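Colleague: Starting off with a structure, shown below.
The values are calculated or read from the model by the stated rules, or taken from the named source; none is laboratory data. Small disclaimer: the values here were computed from a predicted structure and weren't measured. We place every Cβ from the backbone using ideal geometry, glycine too, and count neighbours over all the protein chains shown. Ligands, DNA and RNA are stripped out before the accessible areas are found, and what is left, the full protein with its side chains, is counted by its heavy atoms. Shrake-Rupley method; radii C 1.70, N 1.55, O 1.52, S 1.80 Å.
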Amino acid sequence: MTPRIDFTSEAFFRDPSKAIATLRASGPVVATRFPLVGDVWVTTTHDATAQVLKDGATFTLRKEDGEVAGLRWWMPKLVTTIANNMLTMDEPDHTRLRSIVDEAFRRRAIMDMQPRIRAIADGLAADLFADGSPADLVQRYARILPLSVISELLGLPAADRPRFIAWANAMSSLTNVLSFFRLLFAFRKMRDYLEEQLRIARVQGGEGLIAELIQVEREGGQITPDEMVSMVFLLLAAGSETTTHLISGSVYELLRNPGLRDWLEQDWSRVGLAVEEFLRFVSPVQFSKPRYVRRDVEIEGVPLKKGDRVMVMLAAANIDPAIHDQPERLDLARKPNRHISFGTGIHFCLGHQLARIEAACALEALFVRWPELGLAIDPVQVRWRRRPGLRAIRQLPVVAAGRGTQETTCEHSMAGRSLSAAN
């Protein structure tokens, strides 16, 4: 019997490796039950995960009739409309939409945005304690930075960012069916807002990615009005939510591990390496979207039948001992780093460059501005949101000069667990 794991429990989010090891002991792919999705197979190894992600003909995001694998019969049409984006599409529709947004991204030159992203991070770091101390690093820094960047990239008004933050907070509260229905109000407001922004861009033009998408549309890009709304919704939501929790999770690990922090602060040119390891170790996106099995198939010797559903567990692939040396160890100098946090195959994350730049800028700006930054609470008091599939710290209270008082606490909290950077 496969053990039942509560994928929304505090214990799971605090240390996913224990539950993952238990699942992996039952096989490379195991049958379980996932919140909101229902009965599903879950991969527990890197190779099983890669097989599912790369074989888009066997493992599809939709049935033959177009039904999305992750949607349930009781979900309203509003959700279906928003979910009608390239993340839930197979070929050839995926390539059709991906080519449109790829072209728009090329025109915006993401890599050239690094100075601007660093400037935003510097400003937010400087204002971190403007409302007093302690400050919640999630709400005052980790959430605002990627939202500011993506809204600026899209060309959305800066004055509207408070509503983006409110919507992002609402989406983070998704934990069960009841909270799902509460979220519908935020979805509806977002859809109406984005439809209006697209209307304005079609009439007046603009400078952001929305205007670029409209231009690609005018030049013959095949995309329906609903798909355009879903595309911008995806860029706004996916372009900020996961990076928020990558940043907060990375800061949390550095604050409770002074040795790692010292290693990084000695040479900030190492931050790129560190971000890759945080992507692997923190794994903010823990699962992919469900996929349908289109034909009888084996995954590493485990038979799956046509019509089954399968989800890849990115967090499990990232700590597979067959791929990573001492995977339970946080090694900021890890080389090579074969994490799969951005997926693989045709759905490899469009925003991987942006996420990497934002995380690197966020960490350097924060710790350069506040070299004595410390946790305002004991690390064991930190809690995670009960949102399935996303490893998201609920709050991270920090103080400007708490490093000295936290080191003993941090070391104490790490008893029995080896987390250190290689020299």
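Colleague: Sort 384-392, 145-153, 326-334 by packing, meaning the average of other beta carbons within 10 Å per residue, with the highest value first.
Modeller: Details: 384-392: 20.9, 145-153: 23.1, 326-334: 19.0.
Answer by packing, highest mean first, reads 145-153, 384-392, 326-334.
Colleague: Hey, if we sort Lys63, Lys305 by accessible area with the 1.4 Å probe, largest down, what's the order? Mind dumping the intermediate values first?
Modeller: Details: Lys63 80, Lys305 130 Å².
My answer, sorted largest first, is Lys305, Lys63.
Colleague: Multiply the residue separation of Arg202 and Ser99 by 0.36 nm, subtract the distance between their alpha-carbon atoms, and state the gained length in nm to one decimal. Walk me through the numbers before you get to the answer.
Modeller: Numbers: separation 103, 0.36 × 103 = 37.08 nm, distance 2.00 nm.
Value of the extension gain: 35.1 nm.
Colleague: Another question about this same structure. Between Val368 and Lys63, what's the calculated FRET efficiency when r is the beta-carbon distance and R0 is 56 Å? Round to 0.05. Each step should come with its number before you reach the end.
Modeller: On the way: r = 51 Å, r/R0 = 0.91.
Using R0 = 56 Å, I get an efficiency of 0.65.
Colleague: Let me ask something else about it. What is the local net charge at Ala19, summed over the other residues whose Cβ is closer than 11 Å to its Cβ (Lys, Arg +1; Asp, Glu -1)? The partial results should precede the final answer.
Modeller: Numbers: positive: Arg4, Arg14, Lys18, Arg24; negative: Asp6, Asp15.
Once positives and negatives cancel, what remains is +2.
Colleague: Heavy atoms of the protein only, probe of 1.4 Å, neighbouring chains included. What is the accessible area of Trp167 in Å², nearest 10?
Modeller: The value for Trp167 is about 30 Å².
Colleague: Now for a separate question. Build a GNM of the chain with springs between Cα atoms under 10 Å: which of Val42, Val302, Val101 gets the top mean-square fluctuation?
Modeller: It is Val302.
Colleague: Let me ask another. Counting heavy atoms of the protein chains only and a 1.4 Å probe, report the per residue accessible area for the chain as a whole number of Å².
Modeller: Working: 17530 Å² over 423 residues.
It amounts to 41 Å² per residue over the chain.
Colleague: While we're looking at this one, here's another question. What FRET efficiency comes out for the pair Asp192/Lys54, r = Cβ-Cβ distance, R0 = 35 Å, nearest 0.05?
Modeller: On the way: r = 38 Å, r/R0 = 1.08.
Computed FRET efficiency for Asp192 and Lys54: 0.40.
Colleague: Excluding Glu277 itself, calculate the net charge of residues whose Cβ lies under 11 Å from the Cβ of Glu277, where each Lys or Arg counts +1 and each Asp or Glu counts -1. Mind dumping the intermediate values first?
Modeller: Working: positive: Arg270, Arg280, Arg329, Arg334, Lys335; negative: Glu253, Glu276, Asp331.
Every neighbour counted, the sum reads +2.
Colleague: Across the range 243-326, what fraction of all alpha-carbon pairs, as a whole percent, falls in each successive 5 Å bin from zero upward?
Modeller: 3, 12, 16, 18, 15, 11, 7, 7, 5, 4, 1
Colleague: With a 10 Å cut-off between alpha carbons and a GNM built on the chain, which of Thr243, Thr344, Thr224 moves the most?
Modeller: Most flexible of the set in this elastic network: Thr224.
Colleague: Now a separate question. How high is the relative contact order of the chain, given as a whole-number percent (alpha carbon pairs under 8 Å, six or more residues apart)? Display every interim value, and only then the final one.
Modeller: Details: 681 pairs, mean separation 110.5, N = 423.
Taking the mean separation of contacting Cα pairs over the length of the chain, I get 26 percent.
Colleague: Only residues of the range 183-212 count here: report those whose backbone N is under 11 Å from the spot 7 Å along Cα→Cβ of Arg163, or say none.
Modeller: Residues 189-197 fall inside that zone.
Colleague: Give me log10 I(q)/I(0) at q = 0.12, 0.14, 0.15, 0.23 Å⁻¹ for the range 117-245, Debye formula, one equal scatterer per alpha-carbon, no solvent.
Modeller: Scattering profile of the range 117-245, log10 relative to I(0): -0.51, -0.68, -0.77, -1.37.
Colleague: Let me make sure I get this right: for the chain, a, b and c are the square roots of the gyration tensor eigenvalues over alpha carbons, sorted descending. Under 1.5 in a/c it's rounded, otherwise prolate if a/b > b/c, else oblate. Which is it?
Modeller: Numbers: a/c = 1.68, a/b = 1.11, b/c = 1.51.
Because a/c hits 1.5 or more and a/b fails to exceed b/c, the chain counts as oblate.
Colleague: If you don't mind, there's one more thing I want to ask. How long are the semi-axes of the equivalent ellipsoid of the range 205-264, taking √(5λ) for every eigenvalue λ of the Cα gyration tensor, in whole Å from largest down? All intermediate terms of the calculation are to be shown ahead of the outcome.
Modeller: Values: eigenvalues 316, 29, 12 Å².
Each semi-axis is √(5λ); the values are 40, 12, 8 Å.
Colleague: While we're on this one: Put a dot 7 Å past each Cα toward the Cβ at Gln215 and Asp296; how far apart are the dots in nm?
Modeller: With each label placed 7 Å out from Cα toward Cβ, I get 5.4 nm.
Colleague: For the chain, modelled as a Gaussian network with Cα springs under 10 Å, which listed residue fluctuates most, Val271, Val368, Val251?
Modeller: Answer for the Gaussian network model of the chain: Val368.
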